[in-house]
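Right, one structure below, let's go through it.
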Amino acid sequence: MITVYDLRKVQDDEAIKDVQTHFGAPLNVVALDDASLQACKGCWDCWLKTPGRCVIEDGMAEHYGDYMKSDKVVLLMDTAQGFIDHKAKAFIDRTIPHYHPHIALVKGECRHKERYENYPDLFFHFESARLTEQEEEIIVRYLARTADHFRSDGYRFFAGEEPKTVKLKPKKPMRRTTPFENVEKDARWVIYMGSPRLSRSNSALILDHVAESLGDRVEVRDLKKTDQWPTWAKAFPKEKHVLFFLPLYVHAMPSHVMHFIEGLEPSEGNIAFFIQSGFPESAQSHYLEGYFERLSSRLGRRYAGTAIKGGVEGLQYRPQDQQEKMIAPMRAAIEHLVKEGHYRQDHIKALARPVRFRGVVRLIVKRVFKRGGVNNFWDQLLQKNDAYEKRDDRPYEQAATD
Ligand SMILES: Cc1cc2nc3c(=O)[nH]c(=O)nc-3n(C[C@H](O)[C@H](O)[C@H](O)COP(=O)(O)O)c2cc1C
């Protein structure tokens, strides 16, 4: 089966006809709009309570099976602000139930283990007319990495008179080209908190500590408050110092963060980013770092840099003294940015360690993982939810054909 998920704002027939022409087979077309494709909430129920099944009840939920039952999946996506737009990002985030929470180490980086034996080939279609060459390359590398981590062969699909596909090869993220700039000292910063979690957000916890030490020098705004977006987007040009603090979701930003970014207009001022992620190695976040660098120039703002911290998974579950120990260096980096007007390079380097696992450390980590390691953490949570027996469920498995 070939399933086309049409995630575009304008869902015309042209591109679909081109897909049909190219593959020459009947298509299962699923059109999703904002209401039928909600953002992942990071609740982890699909891992810990109903293994393999997302608990959000929307159009996407009705069509999860189509994804796993297809041998080819085509995603028709829009771009916005130089990246795939929030709907495309929401779709990617919502594929997480098809993988286990459990982790394996592959080429020095963590990956979630596969829940199914086979995954569909992924064909990504997006227009590049409104992108710079660099932005296009960032998207291509992002999608190639995503397909690779999803155990799918990834392709770019080009519509047009002669539709074609080009195989995507996983590549390293784009190199950093813009130096971190020094901006005004002791300024007032607006911090956008980008976790979609309704409770137990690591980002919220970290930012509570930041707000406690910086007082009214910072104003933390929770991007879950979507009713505030028009007011905040309107105020953006007047706000000289803005920091986005967010968790990493499938190698990029959670989709609601992208949605908010889409509404921002270019304006003078400064911008900085802080990405925290679950896996210990910061290499996970470098694709997004490359995008943020370009976004700053798209928004006409001076780029004060991106701090990256891995290994934040489970912060909320740790005893208070351990939480404080983990949060301290993140808080120190933001304090320095606010008080001195720049990220300190030694802070950035220390936060980013390890970039990925190498040499002897890689071997040791691999052995630890094999013996249970961090995966015990997931098993305990599954047991707590009475879901351990269901941990290997494959709710969307294709029925065996004789
Ligand atoms: C849908 C989803 C995708 C994620 N993708 C990644 C990822 O690609 N790499 C990573 O290191 N962590 C990933 N994480 C883990 C989060 O970044 C990590 O748990 C983070 O600390 C959550 O912060 P929060 O509680 O503030 O939302 C993902 C989590 C979710 C729910």
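The values are calculated or read from the model by the stated rules, or taken from the named source; none is laboratory data. Bear in mind the structure is a predicted one, so any value in this text is a computation, not a measurement. No Cβ is skipped: glycine too gets one built from the backbone with ideal geometry, and neighbour counts run over all protein chains shown.
Here Arg200 meets each of (1) within 16 Å of the ligand (Cβ to nearest atom); (2) at pLDDT 95 or above; (3) charged (D, E, K, R) with one exception, condition (2). Does Leu143 meet the test of being within 16 Å of the ligand (Cβ to nearest atom), of a type in the set (A, V, I, L, M), within 18 Å of the chain's Cα centre (by Cα) and at pLDDT 95 or above? It is true that Leu143 is within 16 Å of the ligand (Cβ to nearest atom), of a type in the set (A, V, I, L, M), within 18 Å of the chain's Cα centre (by Cα) and at pLDDT 95 or above. Could you name every one of the helices (runs of 4 or more DSSP H) located completely within the stretch 1-120 that has at least 1 residues being closer than 30 Å to Leu381 by Cβ, outside the structural domain of Gly278 (by TED's automatic domain parsing) and of a type in the set (Lys, Arg)? Correct list: 64-69, 86-93. Selection of the stretch 72-91 for residues being β-branched (Val, Ile, Thr) and surrounded by fewer than 23 Cβ atoms within 10 Å (Cβ to Cβ) yields only Thr79. All told, Leu198 meets the bar of being surrounded by fewer than 16 Cβ atoms within 10 Å (Cβ to Cβ) and within 21 Å of the chain's Cα centre (by Cα). Note on the stretch 121-141: among residues that are in a helix (DSSP H, G or I) and out of contact with any strand residue (DSSP E or B) (no Cβ under 8 Å at 6 or more places or on another chain), the one that is surrounded by the most Cβ atoms within 10 Å (Cβ to Cβ) is Arg141. Filtering Met193, Met174 for residues that are in contact with a helix residue (DSSP H, G or I) (Cβ under 6 Å, 6 or more places away or on another chain), among the aliphatic types (A, V, I, L, M) and more than 16 Å from the ligand (Cβ to nearest atom) leaves a single hit, Met174. Candidates Lys185, Lys167: the one that is within 26 Å of Ser297 (Cα to Cα), of a type in the set (Lys, Arg) and surrounded by fewer than 13 Cβ atoms within 10 Å (Cβ to Cβ) is Lys185. For beta carbons closer than 8 Å, sequence separation of 6+ or different chains, a first residue in the stretch 29-42 that is closer than 12 Å to Val55 by Cα and a second that is of a type in the set (Phe, Trp, Tyr) and within 16 Å of the ligand (Cβ to nearest atom), the qualifying pairs are Cys40/Tyr249; Gly42/Tyr249.
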